[in-house]
Amino acid sequence: MFTDSTVIKGYKLDIPTKTLSLTAAFCKAMNDPQSKEYKLYCQFVSDIPGLSVKRKSHNTPVKYQNSNGIVTKRNQFKGVTFERIEFFLNMLPDNKNTKQIKDNYQTLRENAKGVCNSPYAAVGKWFLAQFPKYKTNPLAYLKEVVVPIDISSFLEAKNNVTELPREENQEQEKTA
């Protein structure tokens, strides 16, 4: 079909459905009748009767929905991993408050698995609440004294309310 040794990217041909998907870059290059893309396109059209052509311009943006139902364009925890949290906490200056923050992190990390639906989300929410400037200016915390926040609200599970009545019902069934 196409005898040139160079590989042309930017298209996907699905022969069973007779569909040719083209990227925006391929379409732009195809506008020149002397280009390899144009010749390849003409070859596809002549070889496959009834070929439908689709132009893909860009990826559909991903939407994220948090637990409150708010839809955003960006994941609130992007770039916040356990490794980065630990590295950041180790970079903080040593003082009484920093020690308490590190202890809170360890407690939250160890206990969130058994209590929360998503331990990563619980730790991430705590970290972003503890360090609100982390995403915009993380170096600001090297000079500031950070006051530790309470971690109990981050350890509350969403389905504690639904689990408690089941336990009460099981206890009542045992006594009956």
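Here, each number is a calculation from the coordinates, and none is a lab measurement. In this text the structure is predicted, and so the values were computed from the model without any measurement. Positions of Cβ are generated from backbone atoms using ideal geometry, with glycine treated the same way; all protein chains shown enter the neighbour counts.
Listed highest first by mean packing, meaning other Cβ atoms within 10 Å per residue, what order do 82-88, 70-76 come in? Walk me through the numbers before you get to the answer.
On the way: 82-88: 13.3, 70-76: 10.3.
So the order, starting with the most tightly packed, is 82-88, 70-76.
Sum up the charges of everything whose Cβ sits under 13 Å from the Cβ of Asp47, counting Lys and Arg as +1 and Asp and Glu as -1, but leave Asp47 out. Value of the local net charge: +2.
Using 0.36 nm per residue and subtracting the Cα-Cα separation, the extra length available between Cys42 and Lys135 on full extension is 28.5 nm.
Applying the Kirkwood pairwise sum to the alpha-carbon positions of the range 11-56 produces a hydrodynamic radius of 10.6 angstrom. Of all beta bridges that DSSP places with both ends in the range 11-56, some 45 percent have antiparallel geometry. Residues with beta-carbon under 13 Å from that of Lys18, excluding Lys18: net charge, scoring Lys, Arg +1 and Asp, Glu -1? For residues surrounding Lys18, the net value is 0.
With 21 Å as the limit on Cα-Cα distance, the pairs of Lys28/Lys56; Lys63/Lys125; Lys28/Lys73 that go past it are Lys28/Lys73.
Neighbour counts of other C-beta atoms within 10 Å: give me Met91, Met30 arranged from fewest to most.
Values: Met91 12, Met30 19.
In increasing order of surrounding Cβ atoms, one gets Met91, Met30.
Percent of alpha carbon pairs in the range 36-112 separated by more than 20 Å? Provide the component values of the computation, followed by the final result.
Values: 1904 of 2926 pairs.
Result for the distance tail: 65 percent.
Remark: the Leu13-Lys63 segment gains 15.1 nm on full extension, using 0.36 nm per residue and subtracting the alpha carbon distance.
Lys and Arg at +1, Asp and Glu at -1: add these up for the other residues within a Cβ distance under 13 Å of Pro138 and post the number. Computed value for this residue: +3.
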